[in-house]
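Below you'll find the structure, written out as structure tokens, and then a few comments.
The values are calculated or read from the model by the stated rules, or taken from the named source; none is laboratory data. The model shown is predicted, which means the values in this text are computed figures rather than measured ones. Cβ sites come from the backbone with ideal geometry, for glycine too, and all protein chains shown count toward neighbours. Calculation scope for accessible area: heavy atoms of the full protein, side chains included, ligands and nucleic acids excluded. Shrake-Rupley method; radii C 1.70, N 1.55, O 1.52, S 1.80 Å.
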Amino acid sequence: MKLRSFIAYILVIVAIVWSISSTSFATKPPPQPTNSAAESLRLLATKRDFLIGTAIKPQPLQDDPTYREVLAGEFNIIIPENHTKFWRLHPERDRYDFTQVDAIVQFAQEHDIKVMGHALAWFHALPRWVVEGNFSREELMEILHDHIQTVVGHYRGQIYAWDVVNEPVEANGSLRETIWYKTIGPEYIDLALRWTREADPETLLYINDYAEGLNAKSQSFYNLAKELRQRGAPLDAVGFQSHLGFLSTNNPEEVAENMKRYAELGLDVMITEMDIPINQFKGTPEQQLEAQAKMYRDFLKVCLDASNCNTLVMWGFTDRHSWMTGFTGSKDPLIFDNFYHPKPAYHAMWEELKGSE
Ligand code: 9MR
């Protein structure tokens, strides 16, 4: 009898403990985006003159209040992910369309957020009229000049930095054989920089690539930047895209070393497109998220510690709207999940920014 009542007693205790824990689990509120908290990423970054940003898309900006709320709460700089690309802004030779970007710039100004522009001369995202036009050297120079003058002029004084030439080098270290390179010659880079400076003397000018580590491609990107400086081209910075473990190295020591040599040239480095797909990490989903968080933190620290890096922009902020969504083999690369809940990567960056105040 004694044994039976002891067992009954244990069962009652187990039931109570189980019901308390499951109740608290069921009623536990989902983690909230921390933009309502006193200290967001943005606030911590702003306190130390650091720019923390994200690429953005116009559709959710227009349709989704949570997207807008998290964006304005957490970031002090943005890059339109696709809408400042050539084919979006300049769909026909005699027609420009600024509607979407004007709305983005207006949102940014209302929320005191800086805007970066990407990308004036790139081999990709060109309209057919450029690619298939069979233009002569003089005609293509006129087209690029007109594009830069009109676009950069339209946003004069409103764009913090322009990505003037995107992805100018190949993996093997040679200059990429883009339509601009093949038709105008390698001087298209100097010309594009000069024309951008003329159209907006205040904006920062950078060239951008996935050339962050130490290899043939990054050596050639570095040589290009050095030669541009030596020739007196108006270049202020280089962009490290940082699709880590995907297009780019995931070795922070190499990136730190690479940043140093740009400092010696008097050039800033901006991290412009950072994302970290979790499938590159082994282990359970929780372990993958922790490894992702550590990598976000490590690369943020590289930038914070460098004398010439004060900007880190991610290629989106919620996995719901990442360019990798739908890719097999590369996923969930950002710091908020599909439902705008901050992931361990968010908290890791938050701690790093807080710690470095
Ligand atoms: O994320 C962008 C995707 O939505 C576009 O379809 C694609 C082509 O324009 O470009 C993606 O962004 C790229 C960026 O412009 C340059 N660096 C690599 C980025 C990821 O591919």
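Ignoring everything except DSSP H segments at least 4 long, calculate the 222 nm mean residue ellipticity for the chain; use -39,500 (n - 2.57) per segment, divide by total residues, nearest 500.
That comes out to -14500 deg cm²/dmol.
Beta carbons within 10 angstrom, averaged per residue: use that to sort the peptides 114-123, 197-206, highest first.
Answer by packing, highest mean first, reads 114-123, 197-206.
With a 10 Å radius around each residue's Cβ, average the other Cβ atoms per peptide and rank 93-99, 217-223, highest first.
Highest mean packing first, the order is 217-223, 93-99.
Probe radius 1.4 Å, ligands and nucleic acids ignored: give me the carbon and sulfur share of the accessible area of the stretch 39-128 as a rounded percent.
The C+S portion of the solvent-accessible surface of the stretch 39-128 is 45 percent.
Using Cα pairs under 8 angstrom and six or more residues apart, how large is the relative contact order of the stretch 165-290, in percent?
It comes to 24 percent, rounded to a whole number.
Tell me, what is the percent relative contact order of the stretch 301-345, built from C-alpha pairs under 8 Å that lie six or more residues apart?
Relative contact order here is 28 percent.
Is the shape of the stretch 50-93 rounded, prolate or oblate, going by the alpha carbon gyration tensor and its root eigenvalues a ≥ b ≥ c, with a/c under 1.5 for rounded and a/b larger than b/c for prolate?
Since a/c reaches 1.5 but b/c is at least a/b, the shape of the stretch 50-93 is classed as oblate.
If you average 1/r over every pair of different alpha-carbon atoms in the stretch 238-285 and take one over that average, what Kirkwood value in Å do you get?
With all distinct Cα pairs of the stretch 238-285 included, I get 11.9 Å.
Go through 182/217; 294/331; 301/331; 282/354 and tell me which ones have a Cα-Cα distance over 21 Å in this structure.
301/331; 282/354
To the nearest 20 Debye, how big is the dipole of the chain about its Cα centre, given +1 on the beta carbon of each Lys and Arg and -1 on that of each Asp and Glu?
My answer is approximately 1200 debye.
Specify the angular offset, from 0 to 90 degrees and rounded to the nearest 10, of the alpha carbon long axis of helix 65-74 from the longest principal axis of the alpha carbons in the chain.
Once rounded, one gets 80 degrees.
Hey, could you get me the Stokes-Einstein D for the chain, Kirkwood radius over alpha-carbon pairs, 25 °C and 0.890 mPa s, rounded to whole µm² s⁻¹?
112
Hey, can you grab everything whose amide H is under 5 Å from the amide H of residue 123? Only 5+ residues off in sequence or another chain; H modelled, so Pro and N-termini drop out.
none
Applying the Karplus parametrisation 6.51 cos²θ - 1.76 cosθ + 1.60 with θ = phi - 60° to the phi angles of the stretch 303-311, what ³J(HN,Hα) value in whole Hz is obtained for each residue in order, glycine and proline being reported as x?
Result, ordered by residue: 5, 4, 7, 6, 6, 10, 10, 9, 9 Hz.
Kirkwood Rh and Cα-based Rg: tell me the resulting Rg over Rh for the stretch 269-350, rounded to two decimals.
Taking Rg over the Kirkwood Rh, I get 0.97.
Spelling out what I want: for every residue of the stretch 324-335, take phi, set θ = phi - 60°, compute 6.51 cos²θ - 1.76 cosθ + 1.60 (Karplus), and round to whole Hz; glycine and proline get x.
Taking θ as phi minus 60°, the curve returns 7, 4, x, 6, 8, x, 9, 8, 6, x, 10, 9 Hz for the stretch 324-335.
Taking the 0 to 90 degree range and rounding to the nearest ten, how far is the long axis of helix 216-230 tilted relative to the main principal axis of the chain, both from C-alpha atoms?
With both axes taken from Cα atoms, the answer is about 50 degrees.
Over the stretch 199-249, what is the relative contact order in percent, taking alpha-carbon pairs closer than 8 angstrom and at least six residues apart?
Relative contact order here is 50 percent.
Pull out the extension gain between residue 286 and residue 254, defined as 0.36 nm times the separation in residues minus the alpha carbon to alpha carbon distance; nm, one decimal.
Net length gain for the segment: 8.8 nm.
Shape call for the stretch 145-246 from the C-alpha gyration tensor, a ≥ b ≥ c root eigenvalues: rounded (a/c under 1.5), prolate (a/b greater than b/c) or oblate?
prolate
List the lysines whose alpha-carbon lies under 20 Å from that of residue 114, not counting same-chain residues fewer than 8 positions away?
Excluding near neighbours in sequence, the set is 47, 57, 85.
Which loop trypsin sites (Lys or Arg not before Pro) in the stretch 254-331, with loop taken from DSSP, have no more than 11 other Cβ atoms within 10 angstrom of their Cβ?
282
Taking amide H positions as placed 1.01 Å from N in the peptide plane, with prolines and chain starts having none, which residues 5 or more places from residue 272, or on another chain, fall under 5 Å of its amide H?
Correct list: 240, 241, 313.
Give a residue-ordered list of calculated ³J(HN,Hα) values for the stretch 242-252 (Karplus: 6.51 cos²θ - 1.76 cosθ + 1.60, θ = phi - 60°; whole Hz; x for Gly, Pro).
Values per residue, Gly and Pro as x: 6, 7, 5, x, 10, 8, 10, 4, 10, 9, x Hz.
Are there GluC sites (Glu not before Pro) in the stretch 86-135 that DSSP marks as loop and that have at most 10 other Cβ atoms within 10 Å, and which are they?
For GluC sites (Glu not before Pro) across the stretch 86-135 that sit outside H, G, I, E and B with at most 10 neighbouring Cβ atoms in 10 Å, the list reads 132.
Per residue, how much accessible area does the stretch 194-335 show when a 1.4 Å probe rolls over the protein heavy atoms, in square angstrom?
For the stretch 194-335, the per-residue accessible area is 40 Å².
Can you compute the FRET efficiency between residue 149 and residue 62 using 1/(1 + (r/R0)^6), with r the Cβ-Cβ distance and R0 = 22 Å? Round to the nearest 0.05.
0.15
Relative to the longest principal Cα axis of the chain, at what angle does helix 188-199 sit, 0 to 90 degrees, rounded to 10?
Helix 188-199 and the main axis of the chain meet at about 80 degrees.
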